[in-house]
Amino acid sequence: MQCRSVLTRIDALRTHELPPIEETAVESHLKTCRSCGASVSDVDELASVVKALTVAPTRSCKSECADSFDRVGDVFVAFRGSGIRMISTGNADDLRAAYAKRYGRALEQAPIPEPLRRQVEAALEGEGVDAPRVDLEELRDLEHDVLQMLTRIPRGQVRTYAWVARQVGRPRAVRAVANVIARNVVPFVVPCHRVVPSVGGIGNYAFGSAMKRALLEREGVDVEELERLGRQHVRYVGSRTTHIFCFPTCSDARRIREENRVPFRDADDALEDGFRPCRKCQPVAA
Amino acid sequence: MHATRVLSIMKNSWTGGEATGQPAGGAGENLAVAVHRCEAGAFERLIDQFERPLFNYAHGILQNAFDAQEVVQDAMMRAHRALTRQYDEARCAALALRPWLFRTVRNLSLNKRRSKRGTLEQPLENFDDGRLGPFLSRQGSELERKEEVELLRRAMSLLPVDARELIVLRFMEEMSYAEIARTVGQSEAALRGKVFRSLKLLRDALEQKGVAYAM
């Protein structure tokens with residue numbers, strides 16, 4: 001065996017990781033070659049010195065990775081770091097079970113960070129929560145996109161399931177989107193109650209239609225008006241002065257005067273009449 | 001040509017019990033299954049066991065504690081997702097956990113490094129395979145030893161990234177060549193040469209930094 005081949009095998013020889021034949025060949029070479037023999041101690045020395053360079057993290061990533069829960073008002077909230085990950089109206093065990101099923105993680109009880117507590121309380125009270133701090137990163141694509149989209153529906157307004165499906169780029173997956181919304185892991189904080197059927201009315205809710213109605217009314221939505229429009233098959237309202245049409249609950253639609261208000265059953269009718277879709281509530285894809 | 005075959009070989013290299021026989025991997029085999037089954041505290045145990053070595057490895061590649069921390073956290077979250085949601089139990093049971101985690105950190109670290117700077121360092125080829133030369137550790141005072149570690153650290157940062165990572169894996173984490181081969185995806189024979197050349201480079205870098213050697 002040549003010196004060159006021997007040198008590269010010295011380190012593997014120290015830990016007996018060479019095939020038996022190579023091991024004997026290297027060992028017999030080392031006995032006869034002084035230069036290579038010296039290299040054995042070189043490798044040993046450097047190898048032991050290098051160990052001193054081992055670095056350790058200053059803080060563990062455990063706290064960022066740890067999943068905790070706490071009670072806020074009448075609900076239990078699961079969170080990680082500074083993001084809300086699940087809300088349950090049941091007891092702590094319900095939350096634990098649902099959490100393990102959804103995220104595959106166990107939960108430990110720990111005090112919730114104060115900003116998060118205030119945010120959840122505000123959401124439960126029906127006060128405006130701008131950009132709720134939710135951690136949806138581990139949810140699957142559609143679920144993640146849909147819940148993210150829901151956070152953009154302003155307080156006091158409603159959108160349709162079809163609108164949400166279109167906004168997340170899956171216009172034909174209305175049913176799938178509705179299922180995701182029905183299984184919203186962070187109810188109240190991500191406002192799934194602000195999504196209603198296209199055909200009118202307010203539709204169903206995980207905690208019952210009565211609760212959805214109460215939540216919407218508390219936010220200032222005129223639910224009776226919504227139901228009345230639904231019975232008349234009116235989905236959009238336009239303004240005669242601006243020739244813009246909106247969802248009925250859009251903040252701009254609510255400012256249209258009674259005499260200028262034009263009801264539409266279909267977006268195509270509105271477009272044919274020379275109306276353009278509102279840029280805020282986007283009743284038609286931009 | 002046989003892209004699918006290569007892929008399947010790579011995939012299969014994670015299964016098979018041989019590499020789990022390592023000290024850290026011995027408990028690791030059950031740990032992957034425990035995490036898969038969502039046993040209480042299993043993931044915390046995984047973090048306890050692997051966080052420091054993984055951080056050390058990421059730091060070896062990135063030479064930056066903040067980035068290394070970020071990479072390790074990301075790797076942990078990815079590992080958890082894979083174990084609980086993507087892999088079935090059989091695959092978790094057959095998984096060589098340690099090289100798998102190290103490889104995750106390796107890929108994430110290299111991605112991070114690539115996105116941070118455009119220049120590539122000298123690759124670890126084309127170096128002569130002459131004698132290494134001894135490293136004379138000074139048996140001096142506390143201060144001198146600290147100085148020496150600092151010199152070593154600086155010498156390390158001069159090395160190309162593949163040399164750094166091999167030194168970390170082989171001499172700090174004391175991985176076997178078989179495990180390193182799984183982690184970096186190269187043959188053991190190739191790695192033997194590269195590890196030696198890495199040591200040689202480190203020694204040369206130390207000499208540049210003015211550490212005394214006997215010739």
- Inside region A:76-111, the number of residues satisfying the requirement of being surrounded by fewer than 20 Cβ atoms within 10 Å (Cβ to Cβ), farther than 30 Å from B:ASN56 by Cβ and away from chain B (no Cβ under 11 Å) is 9
- Note on the structure: Flagged in region A:169-187 as free of Cβ contacts under 8 Å to residues at least 24 places away in the same chain, crowded, with 18+ Cβ neighbours inside 10 Å and within 29 Å of A:LEU95 (Cβ to Cβ), in numbering order, are A:ALA178
- Message: Can you tell me how many residues within region A:24-50 are free of Cβ contacts under 8 Å to residues at least 24 places away in the same chain, in contact with a helix residue (DSSP H, G or I) (Cβ under 6 Å, 6 or more places away or on another chain) and facing chain B (nearest Cβ under 7 Å)?
- Response: 2
- Query: Within region B:79-94, how many residues turn out to be surrounded by fewer than 18 Cβ atoms within 10 Å (Cβ to Cβ) and either closer than 21 Å to B:GLU165 by Cα or within 10 Å of chain A (Cβ to nearest Cβ) (or both)?
  - Reply: 2
- Message: It is to be established whether one or more residues within region B:6-19 are buried (at least 21 other Cβ atoms within 10 Å of the Cβ) and modelled with pLDDT under 85.
- Response: yes
- Message: Report every pair of residues separated by at least 6 positions or lying on different chains whose Cβ atoms are under 8 Å apart, first residue within region A:147-160 and in a strand (DSSP E or B), second modelled with pLDDT of 90 or more and of a type in the set (Gly, Ala, Ser).
- Response: none
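Residue-by-condition table, conditions (1) at pLDDT 75 or above; (2) over 23 Å from the mean Cα position of the chain (by Cα); (3) within 11 Å of chain A (Cβ to nearest Cβ); (4) closer than 26 Å to A:LEU136 by Cα:
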| site | (1), (2), (3), (4) |
| --- | --- |
| B:ARG37 | yes, yes, yes, yes |
| B:ALA40 | no, yes, yes, yes |
| B:GLU51 | yes, no, yes, yes |
| B:GLN63 | yes, no, yes, no |
| B:ALA96 | yes, no, no, no |
| B:LEU124 | no, no, no, no |
| B:ARG131 | no, yes, yes, no |
- Residue by residue through region B:151-187, note down the ones that are within 10 Å of chain A (Cβ to nearest Cβ) and surrounded by fewer than 16 Cβ atoms within 10 Å (Cβ to Cβ). B:ARG153, B:GLU174
- Quick one: which of A:ARG261, A:ARG254 is over 26 Å from the mean Cα position of the chain (by Cα), farther than 24 Å from A:ALA178 by Cα and modelled with pLDDT under 90? A:ARG254
- Message: Which of the numbered conditions does A:ARG218 fail, given that it passes all the others? Conditions: (1) in contact with a helix residue (DSSP H, G or I) (Cβ under 7 Å, 6 or more places away or on another chain); (2) surrounded by fewer than 16 Cβ atoms within 10 Å (Cβ to Cβ); (3) within 23 Å of A:ALA122 (Cβ to Cβ); (4) of a type in the set (D, E, K, R).
- Response: (1)
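Looking at A:ILE87, A:ILE21, which is the one that is in contact with a strand residue (DSSP E or B) (Cβ under 8 Å, 6 or more places away or on another chain) and more than 25 Å from B:GLU70 (Cβ to Cβ)?
Exactly one of A:ILE87, A:ILE21 is in contact with a strand residue (DSSP E or B) (Cβ under 8 Å, 6 or more places away or on another chain) and more than 25 Å from B:GLU70 (Cβ to Cβ), namely A:ILE87.
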- Here the residues within region A:234-265 that are assigned to a loop (DSSP other than H, G, I, E, B) and more than 21 Å from A:ARG194 (Cα to Cα) are A:ARG240, A:THR241, A:THR242, A:HIS243, A:ILE256, A:ARG257
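The values are calculated or read from the model by the stated rules, or taken from the named source; none is laboratory data. Bear in mind that the values here come from a model prediction, so they are computed numbers and not experimental data. Cβ coordinates were reconstructed from backbone atoms using ideal geometry, including for glycine residues, and neighbour counts include every protein chain displayed.
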